[in-house]
Amino acid sequence: MKFHIHTYGCQMNVRDSEAVEALLVAAGHVKASGEADADLVIVNSCTVRQKAEEKAVGKAGNLIAAKKTVGLMGCAVKRMGADVFKRLPKLDFAVGPRAFGLIPRIVAEGRYPRLELGEDMVPECLAAHVEGGWQAFVTILLGCDNRCSYCIVPDVRGHEYSRPAREVVAEVGALARRGVKEVCLLGQSVLRYGVRNAAWDESDAPSPGGYKEAFPRLLEALAAIPGIERIRFTSAHPKGCTDELVRAYREFPQVCRHLHLPVQSGSDRVLAEMGRRYTREEYLAAVRKLRDFDPEFAVTTDVIVGYPGETEADFEETRSLMDEAGFDNSFVFKYSPRPGTRSAALPDDVPTEEKERRDQVLLADQERRGQSRNEALVGTVREVIAEGPSKRVADRWSGRDSGNRIVVWESSDAPCRAGEKVRVEILEAHPQVLVGRMAGK
Ligand code: SAH
Ligand code: SF4
C-alpha cells in the first residue's frame, strides 16, 4: 500500500512516526509522495493542549471524508480511548503512543475498526529507523512519572521506563554505520535516565571515565562511537544538572552545549502548585552552573502563561526569571485544562485575552533577549553542521551550531553538502538567527 503519515506535536511524535514509516517500508509498503497519492494515511496526534488534539482529530476527519484508509495514532488516542470512534465513527484504526509497533500487523489484517491502547512496546520497533540522513532521533526514555499538575503526558504515555543502555548504544552504533553524525536523545525528562529502572546491567561497576550516574555514562558510551559528531538531548529537569553532567559536557566535545530546560513559571507559589519540585532559585542555580562552565552555553525553555490563579505578580516573576536566566530561546504556551489532570479541577480563571497578552509580552521580551544574546556572538567563529539551502534567502545555506542556534551564510562561492561541518564567522545578529560568512571547512 502507498502510505503517508501526518505528524502533530513534539519530537517524540516525530520520532514515533519515523519508526512507523520504517516498519511499514520493512513490511513492503511504499511511502507516497503526499497525502493525495496515498491509500493509507496515518495521523499521529498530540493532546498536550486541547487545540493540538482538535487539529489532529479534525485532520483525520477530513481524510475520512476523502475516503482513505485512515488510522490515528499517538497521545490523543490514549486520552480518548474507545470514545475516539464516537468522534470519528468511520476511523479505521486507532493506536496509542506505546502500541505503534502493532500498525504493520493491523494494516496486514485489515479488520477494521480496531483499537489498540496497549502499554507494551517491542524493542525492535523502538529501534526501527528510515534509511538515509545524517541526523536521527533516538528514544531513550518512555513515559513520565512526574505528574506535574497541568500535564496529561503521564496519562497518555504511561510510566517512565529507561531503555537498556546496551540497546541505545547498539542503535546509535547502527545509525553511525549508516552515516548518521548527529543524534538527539529523547525523553520527557532525559536526565532521569536510569533512575526508575536500571539502564546499565552492572550498575555498580564504574564506567571507563569513572562516571556513576546513568545518563552521563550513556553520554560517555555514545561519545566513544566512531562517526557520532554531535549528541543532543531533550527535555531536561534542573534536578538532573549534576556535577557529573557538567563533567560530561566538558570532557566530550560531541555533547552539544545546549539544554532545553522547561521552567514553566518563575513564581515559587505557582511552581509549588504545579508540582515542579524546584524553586525559582534552584532553577536559576542550575542555569548558572551551565553558564559558569561555558558562558555561551545555550539554555532554552518552555513557559505556561495563565495557569489557574496566576496573578500579575506571578507573571512578573516569570518575566524577571526569564531575564535572569538569559534564555537563548523560549516557547510560550497558553494554559489549557486537560481532563483528569490535577489542575483541571481548578477554575481556569485567567481570561483568554489575558493569556494572549501575557504570551505576547513574553514573546517581545524574548525578541529583545535573543537579540542581545546573539549580538554577543558577533565576531566569533561558530562550528556549524550544514543542513541545507536557507528557506528565506536564495544563495544562502543554513545550519546549526553546538548551541542549536540557526546560522545562515552565503554559499555561492563555497558550495556545501548537507551534514558537512563548516566554520562560519558571525557578522550579524537577529533574535533567532545568526548571519555570517564561511571561514573554512
Ligand atoms: N516533559 C517536558 C514537557 C513535555 S510537554 C518537561 O516537563 O520538561 C511540552 C510543554 O507543553 C511543557 O513544557 C509545557 O510548557 C506545555 N504544556 C504541558 N501541558 C500543558 C497544558 N495543560 N497547557 C499548556 N501548556 C502545557
Ligand atoms: Fe508533563 Fe511534567 Fe512529565 Fe514534563 S515532567 S511530561 S510537564 S508531567
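What follows is calculated from the coordinates using simple rules that are stated; it is not laboratory data. Computed from a predicted structure; not experimentally measured. When we count neighbours, we look across all protein chains shown, and the Cβ atoms used for this are built from the backbone with ideal geometry, even at glycine.
Annotations for the structure displayed:
- Shape of the range 1-138, Cα gyration tensor, a/c cut at 1.5: rounded
- Three-way shape call for the range 185-228 based on the alpha-carbon gyration tensor, with the a/c threshold at 1.5: oblate
- For the peptides 305-311, 389-395, residues were scored by their other Cβ atoms within 10 Å and the scores averaged per peptide; the highest-first order is 305-311, 389-395.
- Between amide H atoms placed 1.01 Å from N, distances below 5 Å from residue 233 occur with 185, all of them 5 or more places distant or on a separate chain.
- Here the 3J(HN,Hα) profile of the range 329-340, calculated from phi with Karplus coefficients 6.51, -1.76 and 1.60 at θ = phi - 60°, is 7, 8, 10, 9, 10, 7, 3, 9, x, 10, x, x Hz, Gly and Pro shown as x.
- Across the chain, Cα-Cα pairs more than 43 Å apart make up 12 percent of the total.
- The range 1-78: C-alpha gyration tensor shape, a/c 1.5 cut-off, then a/b vs b/c: oblate
- For the chain, calculated [θ]222 nm from helices alone, where every DSSP H run of n ≥ 4 adds -39500 (n - 2.57): -10000 deg cm²/dmol
- Test item: Cα-centred dipole of the range 1-92, Lys/Arg +1 and Asp/Glu -1 on Cβ, debye: 320 debye
- Among 422-435, 12-25, the peptide with the highest mean count of other Cβ atoms within 10 Å heads the list, and the full ranking is 12-25, 422-435.
- Using the Karplus relation 6.51 cos²θ - 1.76 cosθ + 1.60 with θ = phi - 60°, the per-residue 3J(HN,Hα) values for the range 216-230 come to x, 4, 5, 4, 4, 5, 6, 5, 7, 7, x, x, 7, 8, 9 Hz, with x marking Gly and Pro.
- Each peptide in 255-261, 156-162 receives the mean, over its residues, of other Cβ atoms within 10 Å, and ordering these scores from highest gives 255-261, 156-162.
- For the chain: relative contact order, % (alpha-carbon pairs under 8 angstrom, 6 or more apart): 10 percent
- Under-5 Å amide H pairs with residue 137, H placed in peptide plane, nonlocal only: 184
- With the convex hull drawn around the C-alpha atoms of the range 185-309, the volume per residue stands at 114 Å³.
- Built amide H within the under 5 Å cut-off of residue 305, gap 5+: 333, 334, 335
- Selection among 172, 279, 132 by position relative to the dipole of the chain gives 132 as farthest towards the positive end (Cβ unit charges, Cα centre).
- Only Lys, Arg (+1) and Asp, Glu (-1) charged, at Cβ; the range 200-294 dipole about Cα centre in debye: 420 debye
- Each Lys and Arg adds +1 at its Cβ and each Asp and Glu adds -1 at its Cβ; summed about the Cα centre, the chain shows a dipole of about 940 debye.
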